[in-house]
Amino acid sequence: MNLPTSEPDRVTPDSTSRGSEEHGRDAARAARMKFVYPSGSRPLDGYTIKRGVGRGGFGEVYFATSDAGKEVALKLIRRNLDVELRGVRHCLNLKHPNLIGLYDIRTDDLDDQWVVMEYVSGQSLEEAIEAHPSGMPVADVLRWFRGICSGVAYLHDHGIVHRDLKPGNIFLDHDAYTASKPVDGSELVGGTVKIGDYGLSKFISCSRRSGQTESVGTVHYMAPEIANGRYGREVDTYALGVILYEMLTGHVPFEGESVGEVLMKHLTAEPDLSCIQEPFRQIVRSALAKDPDLRLSSVQEMVALLPHEPAAGPTHARGYEAASVGMTTPIGASAADHERYAGYDDERVPPVAAKSHTGQIEEPLFASLRDTLSGLTSSVFNPTVPPMVQGLIVIAVIVAGVATLSLWLPLGFGLAFIYCLYYLAWVTLLRPSIAAHRRRRPATSSMAPTALHAYTPPPARQARPRPRPWREVVHEQLGRKTARDRLTQSLGAMFTSGVLCVLLSALAGLMVTPADGDTSQAMQLWLSVVTTLGCWVVILTNAWTEGRAEEQSPMRIVQIVGGLLVGLAAFGVANQLSLELPTDKDFGPGPHHNLLGGLFDVQEALEDGYKHEAVSPSLLVSVAYFGLLMAIPRWWRLAEFARNKRIGFWAIAGMAIWAWVLHLFWWYPQPLGMVLAATIAVGVQLSNPWLPPSKRAELARQRVTV
C-alpha cells in the first residue's frame, strides 16, 4: 500500500513549505500513474476522489474527502478479493495509535469493493531511508522503531501476524503538534508512526527495487520458514530485524539479482553485521536467526534491548515522549493516550528474561561443523531446488559414500577418537574458565537487557496472557487424554496398520522373492507379521508417551525393547516356516564385511547362505538388527498427531536408508531390511490420526482447543 504523503489543506507551523513540497511530489507521482478514477469522481456515495496516490497488487489507493470534509484513503480491491476482505473485516475493530485505522468496507454500483481507511500524511519509512543512503541518525531510528514495535506488539496480542512488514508499509502521520525541526535534523517531532496493510494476505511486490511479484510477503523481508508454509509471529520478528538493519545501514542485509538468489541468501547466508554497533548488532543477529525458535521470542523483548534515546532540549519533548512512557506509546501522543495504552508497555515481558539459549557455552569445533552441515542441507533442501534434483543429490552422496567406505570409515573413527579426547579436555579445563569469565563480567553481555534499558514496572499492573502456539495447545490436549482414550486410539491404529501391512507385504513379497522361488506365500506371511509388529511398537510408543514425555529417553527405551521383541518374532516365525530370507549381492557388502559381526562370530554361519542368496539369520543377528533399527531414528515422530504431513516421503526414504546403513555395521539381508523399514514407515503414517492444515490454521487463530 502506498498512502498519501502530503496534506496540503492543513496549515500548521512549518507545514506550508513542507505541504507544498509533498503535494508537488504526489502530483508528480500521480501524473506518472494512470488510475481508473480521475479527480472529482464519486464512485462511492458520500466520498469525492481528489487524486490517486498509489497502486499495488491488490488494486489502487485514492485520497478522498467525505461530504462533511473528512479526509480518508479509499482502497479499491481488484485482486484476491475474498482473502483481502476477510483480513480487513478481522481488523476493522482494532484501535491503536500506531496502526492505520480501518473505517468501513463499501460496495459501489459496479459491485467493486472499497476499503475506507485513515488518511496518513507525511513520508513513508521507505522515503526516510532513501534520504539517508548511509543510514539514518540513531535518534530517528529509535523513534521510528519504537513506534513500529508498538503497533506490531498490539497486532500480536490480538492474534494477528502482519506478514508484510516493510518500509513501504510504514508511514509518519504529521499531526497538530508539529513544531519546528530540531537541531539534530530529526523530522519525527509531533508525528506518529503508522503501520498499514496489517491482517491482509495478498500478492505484493517482490521488492521495492524491482517489479517482480511474490505470493506472500516481500522477498527482502521474508523469513526463511515462510518457504515451508510457517507463518508465526517469528516472521514479523525477522522482518523487524531486516528493517532495523536497513534503517541503520541504508540497505537490506540480503540483496541479489533475482528472487531465487535473495531467497537462497535468507536460507543460508549470514548478514554482515560489522557495520552495526552494539546493542543493535545483537538485536539484529537474534532477530535474523534462521531457526525461528532461536529468535527473540517477542517484540517486547526486542524493545527491551534497545538503548535509551539520547537526551534532547525542549523542542524534542513530544518526540521523545514515547520512550519515557512505554514501548507502545506513539510519538506525539497525548497524556490520555499514555494512560489508555499503558497496558501494552514493557511490564508484560520483563527485560531481565533474556533467552536461555544465548547463555549456553558451545564447543566451537562442533558448532562450526553443525553450522556448515546445516548450510549445506539448507542449500539442497530448499524450495528453489526441484525434488528430482534433491533425490539425485541424496543418491549420489550415498553411492559416493559406499564407494569410498574403506577410505573414510577408518579416518572417521580416528578423528572421532581424537575429538573425544579434545572434548574431555575442553569440558574439564576450558569451559569452566569461560563460564567463570562470563560471571565476572555480567554487565558486558550484549544480551543483558538490564544494562540497556531501565525497568521499573508499575506495581498495580499485571501481565496480559499471550496466545500460545498451536502445537503447544495440541500437546497439552494430548497430555490430558485418559487411558481409555489412548487405548481406543491405539487399538484402532493397530487394526488399521495390520490390514495395511498385509496389503503392502503382498506387494513387497513380489519385490524381494526370486521369480522362480516357491516360497512367496511364506515370505508374504513373514513380512506381514514382522511389519505389523513393527508398526505396533511405534504406535504404542507414541500413543502412551505423546503429550507426556518431556524428553526422548522414554520413547527410545520403549522402541529398543519393542525392536528386540520384533527381532525375536522375526526369527521365530522364519524358523517355524522353515523360511530362508532372500538377499541380493548387488545391494551391499556381504556378511564378512560388516564391522560388528566379527566380534560375535556370526558371519561364518551366514556366509554359505549368502553365496546362494538365501540366508537364515540366527537369533542374535535378528534380535540385534531390529533392536538397532528401532534405537536410533525417532520412529514415534511418524505417528504424532501434530506431524507436518500425513505421508512424508523423506521420512520413508530416511528409514529405508537407515536400514541399509545399519547392515554395514550389523549385517542383515538386503534389500529385505530396507523393504521392512519402508513398509513400517508407510503403515504407521497411514494408520495414525493427523491434524490437517485446515484445522491447524483454525487452531492457530483460536489458540484454545483442538
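Just so it is clear, none of the values below were taken in a lab; they were calculated from the coordinates. If you're wondering where the values come from, they're calculated on a predicted model, not measured in any experiment. Glycine gets a Cβ as well: all are built from the backbone with ideal geometry, and neighbour counts include every protein chain shown.
Each of E613 and V389 was given a label point 7 Å from its Cα along the Cα-to-Cβ line. The distance between the two points is 3.7 nm.
Protection proxy ranking for 134-141, 112-119, 674-681, using the average of other Cβ atoms within 10 Å per residue and placing the highest first: 674-681, 112-119, 134-141.
Residue separation of N228 and D104 scaled by 0.36 nm, minus their Cα-Cα distance, works out to 41.2 nm of gained length. Taking 0.36 nm per residue of sequence separation and removing the Cα-Cα distance, the L579/K34 pair yields an extension gain of 188.2 nm.
Taking 20 Å as the cut-off for C-alpha to C-alpha distance, list the pairs among K166/K645; K166/K194; K585/K611; K34/K166; K194/K265 that go past it.
The answer is K166/K645; K34/K166; K194/K265.
Of the peptides 90-101, 614-625, the order by per-residue mean of other Cβ atoms within 10 Å, starting with the highest, comes out as 614-625, 90-101.
So how do 409-416, 301-308, 36-43 stack up, highest first, on mean other-Cβ count within 10 Å?
301-308, 36-43, 409-416
For region 614-660 and region 138-153, compute the distance between their C-alpha centroids and round to whole Å. Using only Cα atoms to place each centre, the spacing works out to 51 Å.
Fully extending the segment from L507 to L407, taken as 0.36 nm per residue of separation minus the present Cα-Cα distance, adds 32.2 nm.
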